[in-house]
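The values are calculated or read from the model by the stated rules, or taken from the named source; none is laboratory data. Since this is a predicted model, take the numbers as computed values, not measurements. Quick reminder, even Gly has a Cβ in these numbers, built from the backbone with ideal geometry, and neighbours come from all protein chains shown. Side chains are part of the model used for accessible areas, which takes the heavy atoms of the whole protein and leaves out ligands, DNA and RNA. Shrake-Rupley method; radii C 1.70, N 1.55, O 1.52, S 1.80 Å.
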Amino acid sequence: VQLVEFGGGLVQAGGSLRLSCVVSGRTFSSLAMGWFRQAPGKEREFVAAISWDYDTTTYADSVKGRFTISRSNAKMTVYLQMTSLKPEDTAIYYCAASPTIYGRTWTEYEYWGQGTQVTVSS
């Protein structure tokens, strides 16, 4: 399974970005998908996840109400719409896929993208 993220970049505080993650190599509709992030000197942290059947989403408290995760099984893509960005959102954002479980812990995910940098300036 290959995951490739797109859409990172530099944005001012209060701005928006949409990250995309295109999946290949496995039936996308059977995968739970998640987004994680890692800032310099910090551990990787959960951001958001969506179940394989669109039915359930979950968010970290720090992004709830600002970020939205969604997916298109037809396009084999998962999205992370980020609004009202803050400097503390600066990190490398990783897309992850799990064929077995929908969760909030990075160890529950089997496949990972290479990451995309998001930088929010104050």
**Prompt:** Over the chain, what percent of the accessible surface lies on carbon and sulfur atoms, probe 1.4 Å?
**Reply:** 50 percent
**GluC sites (Glu not before Pro) restricted to segment 24-122 and DSSP loop, no more than 10 other C-beta within 10 Å** = GLU43
**Cross-link partners of LYS42 among lysines (Cα-Cα below 23 Å; sequence separation of 8 or more within a chain)** = LYS64, LYS86
**Fill in**
Two pseudo-spin positions, 7 Å from Cα along C-beta at THR119 and at GLU43, lie apart in nanometres by 2.8 nm
**Message:** Test of understanding: in a Gaussian network model of the chain with alpha carbons linked when under 10 Å, which of GLY34, GLY15, GLY103 would top the mean-square fluctuation ranking?
**Reply:** GLY15
**Item:** Scaled radius of gyration (Cα, divided by 2.2 N^0.38 Å) that segment 67-113 gives
**Value:** 1.30
**Item:** Accessible area per residue, Å², the chain with all protein chains present, probe 1.4 Å
**Value:** 49 Å²
**Complete:** At the level of C-alpha centres, the distance separating segment 91-111 and segment 39-72, in angstrom, is 10 Å
**Message:** Suppose each label sits 7 Å from its Cα in the direction of the beta carbon; what would the THR58-ILE101 distance come out to in nanometres?
**Reply:** 1.0 nm
